[in-house]
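J.: Below: one structure in structure tokens.
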Amino acid sequence: MATALHVDEGSTVPLWIRRPDLVNLTAYAVAALAFTGQLVALLLRGSGWPTTLSVLLAGGGVALSWWRPWTGLVVTSATAFAVTAVGHDPLSLWMMAVLVLFSVTFRGKQPLIGTAVVAASFLGAFMTVGGFRGGAVVGVAALFTAIAGGATGAALRIYREHWWTLEERARSAIATRESEATRRVTEERLRIARDLHDVMGHQVAMLSVHLGVAEIGLPEDAEPSRQALVAARANARTVVVETQRILSLLRRGDDSPDDEALRPAPALSGLETLIASFGSIGLDVRRSLDLPAEPVESSVGVTVYRVVQEALTNAHRHGAGTATVEVRGHDGRISVVVENPNARPSSGSGSGSRLGLVGMRERVESSGGHLTVDNADGHFRVRADLSLTGAAVR
């Protein structure tokens, strides 16, 4: 049976939980010792054959209970009548019956029925053939030893089942967490692919336009060059058509509504609207946007937009107080810093699944940038630094 990691290691699970057969073997070993001790005592006292036969019958009942729990329990318990009738103390036989009862209930049999069988045999022998020998103390002891044997076996069985139930929940939680991580990363990669397809489709379309302009400007005698440009434009149109087809498949491959799926890829120009949308749902955001004047590669604009979006989403879900967004372009690079106070004092790496950070890091690195995340001084900070031209082509 598959077990959780710490169960496989066996460092924290009691042996009797992992090996319940050892519990049964121990109970039967103690019962065998009681049986052997009773036989030795009978031989030393020179008891008659009725007493010896009663003890042997009890031992047979113990052995039978290994394969036939109920039959063995009834036989072992019933010998209390025989031993009491011949005038001997049935203490050792009571012990054997209680151990059998313990094993029977530990193996999952009905504890109330088993306890009733043993208690009825003990009290019946005490009150009938025993003639109340020993007084009320013996009767009470007979009753409570039966209850103790049945209750202990049932309690240990329930505890063991509860332990494995918790382990199964732990395994399910681990599997669910890993599945959720895979799902979130896959969703983010799909979104990256959609954005990059938008950017590529736009750039190829512009290339086709410029090829058309170049074709128009060619002299009449430049037929070879014109044919090459016509072929290049045809190839560009093919790329655009294929890109749009793949893009349509990608965007409809998830649960996004059609209007959301077909929305153009975001850019730096949409940061103000994005930040305002978080303000409309109750997040206090202070912004400082100093966007670069020089042209920015489309994929870089998409990456900056998504970093701010994911960071503000985390701030809204897990943060407290005012979030700050700073986007600045300088020396051919663009930097993004999003910071928010933690909702609770941080300990270690903070709370939450942090799965969104995986996709964010992949997106930044795919654009040739660098992402750092820290959770110090009670504030959660996301920093991204990218080149305006994106990742270098190798």
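J.: For ALA276, indicate whether it is open to solvent by less than 80 Å² (accessible area, probe 1.4 Å), at pLDDT 75 or above, in a helix (DSSP H, G or I) and farther than 22 Å from VAL336 by Cβ.
T.: No; evaluated as a whole, the condition is false for this residue.
J.: Now for a separate question. For VAL23, indicate whether it is within 17 Å of GLY150 (Cβ to Cβ), open to solvent by 10 Å² or more (accessible area, probe 1.4 Å) and part of a helix (DSSP H, G or I).
T.: Judged against the criteria, VAL23 is a match.
J.: Could I ask something else about it? Here are some conditions: (1) under 21 Å from SER387 (Cβ atoms); (2) modelled with pLDDT of 65 or more. ALA265 meets all but one. Which one does it not meet?
T.: Looking at each condition in turn, ALA265 falls short on (2).
J.: Within the range 279-321, which residues are open to solvent by 30 Å² or more (accessible area, probe 1.4 Å) and of a type in the set (A, V, I, L, M, F, W, C)?
T.: ILE281, LEU289, LEU291, ALA293, VAL296, ALA320
J.: Now, a different point. Give me a count of the residues in the range 42-57 that are open to solvent by 30 Å² or more (accessible area, probe 1.4 Å) and either among the β-branched types (Val, Ile, Thr) or assigned to a helix (DSSP H, G or I) (or both).
T.: 9
J.: Of all residues in the range 318-343, count the ones that are of a type outside the set (A, V, I, L, M, F, W, C), farther than 18 Å from LEU386 by Cβ, in a loop (DSSP other than H, G, I, E, B) and out of contact with any Pro (no Cβ under 9 Å at 6 or more places or on another chain).
T.: Result for the range 318-343: 0.
J.: Can you find a residue that is at pLDDT below 85 and assigned to a strand (DSSP E or B) anywhere in the range 302-317?
T.: no
J.: Of the conditions (1) at pLDDT 85 or above; (2) more than 13 Å from ALA311 (Cα to Cα), VAL338 satisfies every one except a single condition; which number is it?
T.: Among (1) at pLDDT 85 or above; (2) more than 13 Å from ALA311 (Cα to Cα), the lone unmet condition for VAL338 is (2).
J.: For the range 209-232, give me the residue count where each residue is open to solvent by less than 70 Å² (accessible area, probe 1.4 Å) and either touching a residue at least 12 places away in the same chain (Cβ under 8 Å) or not hydrophobic (A, V, I, L, M, F, W, C) (or both).
T.: So the count comes out to 10.
J.: Could you check, for the range 79-94, whether at least one of its residues is under 23 Å from PHE144 (Cβ atoms), buried (at least 23 other Cβ atoms within 10 Å of the Cβ) and within 39 Å of the chain's Cα centre (by Cα)?
T.: The answer is no; no qualifying residue exists.
J.: Residues to consider are ALA175, ALA141, ALA120; find the one that is under 30 Å from GLU310 (Cα atoms), open to solvent by 30 Å² or more (accessible area, probe 1.4 Å) and at pLDDT 70 or above.
T.: ALA175
J.: Here's a follow-up. Name the pairs whose Cβ atoms lie under 7 Å apart, with the first residue in the range 151-168 and of a type in the set (D, E, K, R), the second open to solvent by less than 50 Å² (accessible area, probe 1.4 Å), and 6 or more positions between them or separate chains?
T.: Taking only residues 6 or more apart or on different chains, the pairs are ARG157/THR105; ARG157/PHE106; ARG157/GLY108; ARG160/ILE17; ARG160/PRO20; GLU167/THR3; GLU167/ALA4; GLU167/VAL7.
The values are calculated or read from the model by the stated rules, or taken from the named source; none is laboratory data. Since the structure is predicted, the reported quantities are computational estimates derived from the model, not experimental observations. Every residue, glycine among them, receives a Cβ derived from its backbone with ideal geometry; neighbour counts consider all protein chains shown. Each accessible area value is taken on the protein alone, full model and side chains, heavy atoms only, with ligands, DNA and RNA left out. Shrake-Rupley method; radii C 1.70, N 1.55, O 1.52, S 1.80 Å.
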